[in-house]
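Let me begin by presenting the structure, written as structure tokens, before commenting on it.
The values are calculated or read from the model by the stated rules, or taken from the named source; none is laboratory data. Please read all numbers here as calculations on a predicted model, not as lab measurements. Ideal geometry is used to build each Cβ from the backbone, glycine not excepted, and the neighbour counts take in all protein chains shown. Areas reflect the complete protein model, heavy atoms only, side chains present, ligands, DNA and RNA absent. Shrake-Rupley method; radii C 1.70, N 1.55, O 1.52, S 1.80 Å.
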Amino acid sequence: MLLDNKLAVFDMDGTIVDTIGFWRNSPKRYLNSVGKEVFKEDEDYFKYYVLRDSVIKMVEKYNIEYTPDELFRLLEDEVKVGYKTIKGFKAGADAFLLKLKEKGIPTILYTANEREYVDIINENLSLDRYFDHIFTATELGAGKDSREGFERIAKMYGKAINDIVLFEDSYYAIHSAKEFGMQSVAISDTHSENRLQEIKNECTYFINTYKDLPIS
């Protein structure tokens, strides 16, 4: 079985909750609110690139009267409002996580997002019920493009890095998992569609919903 004697490490945004859209839709929503239309050539950029990059383009190309840092903080406040509206998991994710708990498979949340966003989701969905440990990349001192964070998690359980099965929606983390000798389960998310074929090429399993991956 995929998870026999393994650690199940889950990303948060786009993997267990549908929150990526709050970040990716934010530039267009803001530009429209100040009477500006998004140029067609920028639509995919705003959909697939991180907000830190998008605000730079917005300031430089759309004549926004903020610095990129000021605009990011403004849009980030709107994103937090969106997070507070999340009342459920991606389809089947909660049932799948509970099944792992029943089987005694260690479950760890490891997110590149900051703790304040985890806390919002935790307040709404009681993440502590589903995960044995919750870490941010900042707290572990390593991003998912580095072995260090994964090795620290594995060591906590007396395991090696290749004992981790990573559940992810982003290409860069799935690519890292393959490089580090880890298995990965890629979860379909509309905000990763631009790299869909690459994701399918590098993950161990690709699923549209958690029902596609039985563990018994």
TODO: Excluding residues on the same chain fewer than 8 positions from Lys57, give the aspartates and glutamates whose Cα lies under 15 Å from its Cα.
DONE: Glu37, Glu41, Asp42, Glu43, Asp44, Glu65, Asp69, Glu70
Open item on the list: Given a 1.4 angstrom probe, I'd like the percentage of the accessible area of the chain that is carbon and sulfur, rounded to a whole number.
Closed with: 46 percent
Open item on the list: Considering just Cα atoms, how many Å³ per residue does the convex hull of region 67-190 enclose?
Closed with: 125 Å³
Task: Inter-part distance where region 10-65 and region 107-152 are each reduced to a Cα centre, Å - done: 24 Å
Open item on the list: Between Glu123 and Asp145, what is 0.36 nm times their sequence separation minus the Cα-Cα distance? Round to one decimal in nm.
Closed with: 5.1 nm
TODO: With a Förster radius of 45 Å, plug the Cβ-Cβ distance of Leu2 and Glu114 into 1/(1 + (r/R0)^6) and report the FRET value to the nearest 0.05.
DONE: 0.90
TODO: Name the residue, out of Asn194, Asn162, Asn32, whose mean-square fluctuation peaks in a Gaussian network model built on the chain with Cα pairs under 10 Å.
DONE: Asn32
Task: Hits among aspartates and glutamates - C-alpha to C-alpha of Lys101 under 15 Å, sequence gap 8 or more where chains match - done: Asp4, Asp128, Asp132
- [ ] Distance check, please: which entries in Lys28/Lys90; Lys6/Lys211; Lys80/Lys211; Lys80/Lys144 exceed 26 angstrom between their Cα atoms?
- [x] Lys80/Lys211
- [ ] Between Asp44, Asp145, Asp18, find the one with the highest GNM mean-square fluctuation for the chain; connect C-alpha pairs within less than 10 Å.
- [x] Asp44
Open item on the list: So, for the chain, what is the accessible surface per residue at a probe of 1.4 Å, expressed in square angstrom?
Closed with: 49 Å²
Task: Accessible surface of Met12 - all protein chains present, 1.4 Å probe, nearest 10 Å² - done: 0 Å²
TODO: Compare Ser146, Ser26 by solvent-accessible area with a 1.4 Å probe and give them largest first, with all protein chains kept in place.
DONE: Ser146, Ser26
Open item on the list: Mean-square fluctuation check for the chain, GNM, Cα pairs under 10 Å: which of Gly21, Gly181, Gly35 is largest?
Closed with: Gly35
